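Data block below; observations after.
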Amino acid sequence: MPAVTDTLGRPLRDLRISVTDRCNFRCTYCMPKEVFGNDFVFMPREELLHYGEIGVIVRAAVSLGVKKVRITGGEPLLRKEIEWLVRGLRKIDGLEDIAMTTNGSALPLKAELLAEAGLDRITVSLDSLDDDTFRAMNDVEFPVARVLDGIDAALEAGLSPVKINMVVKRGVNDADVLPMVEHFLGKPVVLRFIEFMDVGTTNGWRLEDVVPAGELFQTIAAALPLEPADPNYVGEVARRFRVKGHPLELGFISSVTQPFCSDCHRARLSADGKLYTCLFASEGHDFKALIRAGADEDAVRERLIEIWQARGDRYSEIRSDDTQDLPKVEMSYIGG
Ligand code: SAM
Ligand code: SF4
Ligand code: SF4
């Protein structure tokens, strides 16, 4: 089966799968409590794609050229026996890389099981090493020490190198950038700085709160000797550097100040089975309805081809005051 390309010539390579819209954190930039409060209604369990249904979609996507899958959410480790999904995906011929993004809170319990099931790589989100700042950002009083335990558990389970995602917000945790670099200098981890993005419509995004990746680079380069690391593959979103003489690698993800839409090979599947061709899309394509109406892998493949061939998304390249007001789905729903 030849690889499928969109209207801008971009192939489909990566699939991000959100397995739940629920989370035990309320990060202020993602699921602010004022919106995701006690009375917020999450998806009923029967609306979530079953692992078997996810498998059908992934097999069809792999037959079209997808090489890499990332399991995300919401918090993916809240989904019951998530290691079974990993185990199932591992059996798919042609799928080269299975990764997961997690807040790390359950990793001390789950890291070993995930590694045994065949997970290749893990990304843990961690916005500060300062306990007060971290608790304020996750907004559920979760202590930073337990996320650090989760990172250690992942390293011990062999899920190395562990990536660490830090979303930087001006005036909130930008002072924690250098301490993070210094803390992880001697560890085989990749520390990635992510610009605060205008995903969804509930996180009160303002351009003034974004710390440009270039500015972060300057701050770190003024303190430590950095050298470029080669990009792993075309379409890699992070600009990568090494700190000379140390195992630590740094990545700068500048989705706001230097968009990378022209290399975007990624589709996203929401927990209830809607496929989105852009993080900033307002509408998805319903694969759960298709599969529950009896569609098999071939029919799913045909629909994927149709959708991908019609794709022309480049939101970050055309971001402006006007695009701010467009309807967009939430990050916790679509999967970061
Ligand atoms: N709960 C998991 C976690 O936090 O790692 C997985 C889902 S979370 C939506 C995936 C990633 O998106 C996290 O690294 C998070 O920091 C990032 N994220 C969420 N909202 C964001 C925003 N407004 N701007 C930039 N990154 C964001
Ligand atoms: Fe939860 Fe992850 Fe969103 Fe934080 S970023 S609220 S951990 S889904
Ligand atoms: Fe891809 Fe959309 Fe992000 Fe551009 S804005 S890089 S098309 S997800």
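The values are calculated or read from the model by the stated rules, or taken from the named source; none is laboratory data. Since the structure is predicted, the reported quantities are computational estimates derived from the model, not experimental observations. Quick reminder, even Gly has a Cβ in these numbers, built from the backbone with ideal geometry, and neighbours come from all protein chains shown. Ligands, DNA and RNA are stripped out before the accessible areas are found, and what is left, the full protein with its side chains, is counted by its heavy atoms. Shrake-Rupley method; radii C 1.70, N 1.55, O 1.52, S 1.80 Å.
Quick look at the numbers
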| item | result |
| --- | --- |
| Choice from F42, F241, F287 with maximal GNM fluctuation in the chain (Cα, 10 Å cutoff) | F42 |
| Dipole axis of the chain (+1 Lys, Arg; -1 Asp, Glu on Cβ), positive-most option in L113, T202, A213 | L113 |
| Net length gained if the chain between E215 and D286 were fully extended (0.36 nm per residue, minus Cα distance) | 21.5 nm |
| Estimated D of region 14-334 in µm² per second, where Rh is the Kirkwood radius over Cα pairs and Stokes-Einstein applies at 20 °C, 1.002 mPa s | 106 |
| Label-to-label distance, nm, for residues given as K244 and D139 (7 Å Cα→Cβ offset) | 4.3 |
| Dipole magnitude (debye, nearest 20) for region 76-226, charges at Cβ of Lys, Arg, Asp, Glu | 400 |
| Size of charge dipole - the chain - debye, nearest 20, with Cβ of Lys, Arg +1 and Asp, Glu -1, no other charges | 680 |
| GNM result for the chain, Cα springs below 10 Å: residue of H50, H246, H285 fluctuating most strongly | H246 |
| Percent accessible area from carbon and sulfur atoms, the chain, protein chains only, probe 1.4 Å | 51 |
| Simple spin-label estimate for D131 and N38 in nanometres, 7 Å along Cα-Cβ | 2.7 |
| Anchor K187: lysines whose Cα lies under 19 Å away (excluding residues fewer than 8 positions away in-chain) | K163, K244 |
| Inter-site label distance for R170 and I305 at 7 Å from Cα along Cβ, in nm | 4.8 |
| Accessible surface, region 1-121, averaged per residue in Å² (probe 1.4 Å) | 43 |
| Percentage relative contact order, region 92-207, counting C-alpha pairs under 8 Å, at least six apart | 25 |
| Given charges at Cβ of Lys, Arg, Asp, Glu: region 14-334 dipole, positive-most of T257, V168, G73 | G73 |
| Principal axis dimensions, region 100-244 - Cα atoms, whole angstrom, descending | 43, 37, 28 |
| GNM top mover of G204, G150, G273 - the chain, alpha-carbon springs below 10 Å | G204 |
| Antiparallel DSSP beta bridges within the chain, percent to nearest 5 | 30 |
